[in-house]
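The values are calculated or read from the model by the stated rules, or taken from the named source; none is laboratory data. Model, not experiment: these values are computed from the prediction. No Cβ is skipped: glycine too gets one built from the backbone with ideal geometry, and neighbour counts run over all protein chains shown. Quick note on the areas: whole protein, heavy atoms, side chains included, nothing else; ligands and nucleic acids left out. Shrake-Rupley method; radii C 1.70, N 1.55, O 1.52, S 1.80 Å.
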Amino acid sequence: MPFQSHARLLAVTFSLALIAGCSSTGGTQDGMTDGSRSGTDSGVAGTGQVSSSGVGTTGDRAGQQADGRIPEVRTIYFDFDSDTIKSQYEPVLTAHARYLRSNGNARVVLQGHTDERGTREYNLALGERRAGSVSRFLEVQGVSPSQIEVVSYGEERPAVQGHDEEAYAENRRVVFDY
């Protein structure tokens, strides 16, 4: 009998230690509690604001509004035939994640778009993959999947008319629609 009570006590103690070790302190992997990073690893000097082109400027952290409004930059762009998020847009996505986490009732529709090259079916799938990669980024940052909807328009809603690389580059995008 004494062995069983010691075993139970040990099991309970181990369980409590495991639960305590798994609890979150609100920090991130790099130790920052607000999700910001020091240095220039994201391609944006310091913690600059992101302009509509996605390039950092001085000001608030990564385009986040000081008063908790939706971040100004609501479009990110992709390379040809790619659903990989460019590092220059990570501060923009982090700002949107921060907004969505702090506004649990907010919902966003991620609209995936492509240029006109490729078949209609391929472009719908590529637009969905692009929006999906943004959705996964936001979820990793702690945004609830219930706040996110993914829609693909493929080539059907171009931002710019034209048949050159400049027009194509403007059409390969994901738009945040709040």
Identify, from the list L124, L93, the residue that is touching a Ser or Thr at 6+ places or on another chain (Cβ under 6 Å) and closer than 30 Å to D164 by Cα. L124
Which of the residues spanning region 160-178 are under 27 Å from R98 (Cα atoms) and surrounded by 14 or more Cβ atoms within 10 Å (Cβ to Cβ)? E170, N171, R172, R173, V174, V175, F176
Return the pairs, sorted by first residue and then second, in which the second residue is assigned to a loop (DSSP other than H, G, I, E, B) and open to solvent by 30 Å² or more (accessible area, probe 1.4 Å), the first residue lies in region 103-120 and is under 20 Å from G142 (Cα atoms), the beta carbons are less than 6 Å apart, and the residues are 6+ apart or on different chains. V108/Y178
Scanning region 73-92 for residues that are closer than 19 Å to L126 by Cα, crowded, with 21+ Cβ neighbours inside 10 Å and within 13 Å of the chain's Cα centre (by Cα) gives I76, Y89
Among the candidates A159, A97, single out the residue that is in contact with a strand residue (DSSP E or B) (Cβ under 7 Å, 6 or more places away or on another chain), aliphatic (A, V, I, L, M), at pLDDT 95 or above and closer than 17 Å to D177 by Cβ. A159
